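Visitor: What follows is a structure written as structure tokens; I'll ask about it next.
The values are calculated or read from the model by the stated rules, or taken from the named source; none is laboratory data. Note that the structure is a prediction, hence the values are computed from the model and not measured. Here Cβ is always computed from backbone atoms with ideal geometry, including for glycine, and neighbour counts include all displayed protein chains.
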Amino acid sequence: MLVVLLGGEVVVTDVRQGRWTAEIDGDFVVFIIGARINSKLQAFKVFSDLGGRRGMNHMLKYLTQHPEKGLLGYQTAGFTIIQYWRSFEHLEAFAKDTDDPHLAAWRGYWRRVGKSTRAGIWHETYLVHAGEYEAIYGNMPPHGLGKAANLVPLAESAGARQRIKTARS
């Protein structure tokens with residue numbers, strides 16, 4: 001365990017010594033979503049545009065509290081969030097279900113922003129078939145797919161091509 005001081009806040013990280021890889025059963029979805037402030041003069045308004053307290057952090061907390069919705073895990077990277085989902089069907093159901101927090105936030109964004117270009121949003125969706133991925137983590141805490149899947153020690157002799165080939169067979 002490593003304790004790091006970030007901006008006056010103590011953050012404890014579970015550094016896994018050595019080389020590790022992520023293992024996940026079956027197909028899964030990688031969903032990358034982000035926002036962009038296009039007008040620095042309206043930065044505070046952009047926060048509201050993006051849902052304020054009912055925006056992405058609220059949705060992620062909700063999804064974490066409801067694992068049956070299909071979110072396996074996520075990693076933040078500034079204004080970008082990489083999410084790992086059990087299936088596209090789970091992701092799509094969450095996006096469209098009026099009882100879940102996404103649809104109201106999405107409609108509210110377009111109602112507030114309209115044709116203004118002060119804020120931008122984007123996403124990319126990738127369907128990953130079982131075994132058709134490769135990940136390596138060296139002396140890292142669980143990160144990315146490694147937070148959403150199982151981390152297992154990596155064989156010293158295995159290269160990326162071998163790991164993908166093994167996972168696909």
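For (1) of a type outside the set (Phe, Trp, Tyr); (2) touching a Lys or Arg at 6+ places or on another chain (Cβ under 7 Å), each residue gets a yes or a no:
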residue: Arg16; (1), (2): yes, no
residue: Phe31; (1), (2): no, no
residue: Gly55; (1), (2): yes, no
residue: Tyr62; (1), (2): no, no
residue: Ala95; (1), (2): yes, no
residue: Arg111; (1), (2): yes, no
residue: Val128; (1), (2): yes, no
residue: Glu132; (1), (2): yes, yes
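Visitor: Mind checking which residues of the range 56-87 are more than 9 Å from the chain's Cα centre (by Cα) and among the hydroxyl-bearing types (Ser, Thr, Tyr)?
Guide: Tyr62, Thr64, Ser87
Visitor: State the number of residues belonging to the range 29-85 that are β-branched (Val, Ile, Thr) and touching a His at 6+ places or on another chain (Cβ under 6 Å). Outline the logic, then answer.
Guide: Pass one, the range 29-85, residues β-branched (Val, Ile, Thr): 29-30, 32-33, 37, 46, 64, 76, 80-82.
Subsequent filtering for residues that are touching a His at 6+ places or on another chain (Cβ under 6 Å) retains 33.
Residues that pass the stated criteria total 1.
Per-residue answers, yes or no, for (1) surrounded by fewer than 17 Cβ atoms within 10 Å (Cβ to Cβ); (2) assigned to a helix (DSSP H, G or I); (3) at pLDDT 90 or above:
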position	(1), (2), (3)
Thr21	no, no, yes
Asp25	yes, no, yes
Ile32	yes, no, yes
Gln42	yes, yes, no
Phe47	yes, yes, no
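Visitor: Now for a separate question. Can you tell me how many residues within the range 70-116 are of a type outside the set (A, V, I, L, M, F, W, C), out of contact with any strand residue (DSSP E or B) (no Cβ under 9 Å at 6 or more places or on another chain) and within 17 Å of His58 (Cα to Cα)?
Guide: So the count comes out to 9.
Visitor: Continuing with the same structure: Select from the range 89-117 the residues that are closer than 19 Å to Phe44 by Cβ and not in a loop (DSSP other than H, G, I, E, B) and list them in ascending order. Outline the logic, then answer.
Guide: Just the residues of the range 89-117 that are closer than 19 Å to Phe44 by Cβ, to begin with: 105, 108-109, 111-114, 116-117.
If the condition is that a residue be closer than 19 Å to Phe44 by Cβ and not in a loop (DSSP other than H, G, I, E, B), then Ala105, Gly108, Tyr109, Arg111, Arg112, Val113 are the ones that fit.
Visitor: Taking the stated definitions as given, is Arg111 in the same structural domain as Gln83 (by TED's automatic domain parsing), modelled with pLDDT under 90 and surrounded by fewer than 13 Cβ atoms within 10 Å (Cβ to Cβ)? Even if it seems obvious, please write down each step before you answer.
Guide: Values: in the same structural domain as Gln83 (by TED's automatic domain parsing): yes; modelled with pLDDT under 90: yes; surrounded by fewer than 13 Cβ atoms within 10 Å (Cβ to Cβ): yes.
Against the criterion (in the same structural domain as Gln83 (by TED's automatic domain parsing), modelled with pLDDT under 90 and surrounded by fewer than 13 Cβ atoms within 10 Å (Cβ to Cβ)), Arg111 qualifies.
Visitor: Do we find that Ile121 is closer than 26 Å to Asp14 by Cβ and either touching a residue at least 60 places away in the same chain (Cβ under 8 Å) or touching a Leu at 6+ places or on another chain (Cβ under 8 Å) (or both) in this structure? Give the steps one after another, and end with the answer.
Guide: Working: closer than 26 Å to Asp14 by Cβ: no; either touching a residue at least 60 places away in the same chain (Cβ under 8 Å) or touching a Leu at 6+ places or on another chain (Cβ under 8 Å) (or both): yes.
Criteria not met by Ile121.
Visitor: Out of the residues in the range 53-96 that are of a type in the set (Asp, Glu) and either in contact with an Asp or Glu (Cβ under 7 Å, 6 or more places away or on another chain) or within 20 Å of Asp25 (Cβ to Cβ) (or both), which is surrounded by the fewest Cβ atoms within 10 Å (Cβ to Cβ)?
Guide: Of all residues in the range 53-96, those of a type in the set (Asp, Glu) come to 68, 89, 92.
From what's left, either in contact with an Asp or Glu (Cβ under 7 Å, 6 or more places away or on another chain) or within 20 Å of Asp25 (Cβ to Cβ) (or both): 68, 89.
Values: Glu68: 8, Glu89: 11.
Across the range 53-96, the extreme among qualifying residues is Glu68.
Visitor: Filter the range 130-149 for residues that are assigned to a loop (DSSP other than H, G, I, E, B) and either touching a strand residue (DSSP E or B) at 6+ places or on another chain (Cβ under 9 Å) or more than 17 Å from Leu72 (Cα to Cα) (or both) and give the result.
Guide: Taking the range 130-149 as the starting set, the residues that turn out to be assigned to a loop (DSSP other than H, G, I, E, B) are 130-136, 141-144, 149.
The answer is Ala130, Glu132, Tyr133, Glu134, Ala135, Ile136, Pro141, Pro142, His143, Gly144, Ala149.
Visitor: Determine the pairs where a residue that is within 16 Å of Gly18 (Cβ to Cβ), located within the range 142-163, has a partner that is of a type in the set (D, E, K, R) with Cβ atoms under 6 Å apart, the partner being 6 or more residues away or on another chain.
Guide: Partner pairs satisfying both residue conditions: Asn150/Glu23; Val152/Glu23; Leu154/Arg19; Arg163/Glu134.
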